[in-house]
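Have a look at the structure below before the remarks.
The values are calculated or read from the model by the stated rules, or taken from the named source; none is laboratory data. A quick note: this is a predicted structure, and the numbers were derived from the prediction, not measured. Quick reminder, even Gly has a Cβ in these numbers, built from the backbone with ideal geometry, and neighbours come from all protein chains shown.
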Amino acid sequence: MPLEICQFSAIHYQLKRSSRRRSVSLQIRQGQLAVLAPDYVDKLQIDQFVALKQQWIKSHLQRQATVAAVPDYLALQQLPLLDEQLQLKIVPDSHNAVCREGMQLWVQLSKRVKAENRQAKTVQLLQTWYQQQAQSWFNERVAFWQQQMAVSVTAVEIKSWKQKWGTCSVSGVVSFNWRLMLAPSWIADYVVVHELAHRRHMDHSPAFWQLLTSFYPQAKAARSWFLQHQHLLVLSE
């Protein structure tokens, strides 16, 4: 995909053209604006599009600039687990394993793991452990809330998405992102209630939101929390 560095007014952006694209769109990642455009759209039309979107661009760039940096949990040796803070201990061992003892989380790292691969292996082991915790926790919370809400599900699954927190299928399978284990429990609980509300309304209609807030009055606060803090729900950059 060809890449050009362009400027319109005081706005700098990367222009990425593609023969497969059919429309112009904007993308902001890590404070950098990119304009994605078809090959046939000329520069004047692109600048006109950027001009129309100036307010949106400025507000989103400002929002990203004010977002707190993602903490390096491995360096801090502190890991969140819902409402708890676990002290991370990484030790060499004959095999790879993760185990919890009280408020300490021990990562046993095989001595056969090369130095340059240790951090990646540690993150992999921790992710597997968090997925196990997520399966147990969400099983319990779904069981609790489906009784409260008089709905039923066919299965509870744990996923590893980058930009999605939960889903509910027509067949009744509810899925949750394991990264919710890095959030406060009331946030993870909100996602449970949100997805279970879809067992009554498979949309985001007024009836859906009314049902959701009737069971979870903190729903609006939870959505605000996600806007401000969802970028923190990662183990490592």
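Would you confirm, using the coordinates I've provided, whether Val153 is among the aliphatic types (A, V, I, L, M), surrounded by 15 or more Cβ atoms within 10 Å (Cβ to Cβ), touching a strand residue (DSSP E or B) at 6+ places or on another chain (Cβ under 6 Å) and under 18 Å from Ala188 (Cα atoms)? Yes. If only residues of region 27-36 that are aliphatic (A, V, I, L, M) and modelled with pLDDT under 85 are counted, the one that is farthest from His60 (Cα to Cα) is Ala34.
Collect the residues in region 126-148 that are among the aliphatic types (A, V, I, L, M) and surrounded by 19 or more Cβ atoms within 10 Å (Cβ to Cβ), keeping them in residue-number order. Reasoning before the result, please.
As a first pass, look at region 126-148 and keep what is among the aliphatic types (A, V, I, L, M): 126, 134, 142-143.
Hits for region 126-148 are Leu126, Ala134, Val142.
Can you find a residue that is under 20 Å from Leu88 (Cβ atoms) and touching an Asp or Glu at 6+ places or on another chain (Cβ under 8 Å) anywhere in region 111-133? Checking region 111-133: at least one residue is under 20 Å from Leu88 (Cβ atoms) and touching an Asp or Glu at 6+ places or on another chain (Cβ under 8 Å). Taking each residue of region 155-171 that is of a type in the set (Asp, Glu) and looking for partners that are surrounded by 13 or more Cβ atoms within 10 Å (Cβ to Cβ) with beta-carbon atoms closer than 7 Å, six or more apart or interchain, yields Glu157/Val173; Glu157/Ser175.
Whenever a residue of region 75-97 is assigned by TED's automatic domain parsing to the domain that holds Ser136 and part of a strand (DSSP E or B), its partners that are surrounded by 11 or more Cβ atoms within 10 Å (Cβ to Cβ) and small (Gly, Ala, Ser), lying with C-beta atoms within less than 8 angstrom and at least six residues away or across chains, give the pairs Pro80/Ala183; Pro92/Ser110; Asp93/Ser110.
Select from region 88-99 the residues that are surrounded by 16 or more Cβ atoms within 10 Å (Cβ to Cβ) and β-branched (Val, Ile, Thr) and write down the one among them that is nearest to Asn177 (Cα to Cα). Out of the qualifying residues, it is Val98.
For region 100-140, filtered to residues that are among the aliphatic types (A, V, I, L, M) and not in a strand (DSSP E or B), the residue that is nearest to Met181 (Cα to Cα) is Ala134.
Might you check whether a residue that is among the aromatic types (Phe, Trp, Tyr), part of a helix (DSSP H, G or I) and within 22 Å of Phe208 (Cβ to Cβ) occurs anywhere in region 142-157? Checking region 142-157: at least one residue is among the aromatic types (Phe, Trp, Tyr), part of a helix (DSSP H, G or I) and within 22 Å of Phe208 (Cβ to Cβ).
When region 158-200 is limited to residues that are among the basic types (Lys, Arg) and assigned to a loop (DSSP other than H, G, I, E, B), the one that is modelled with the lowest pLDDT turns out to be Lys162.
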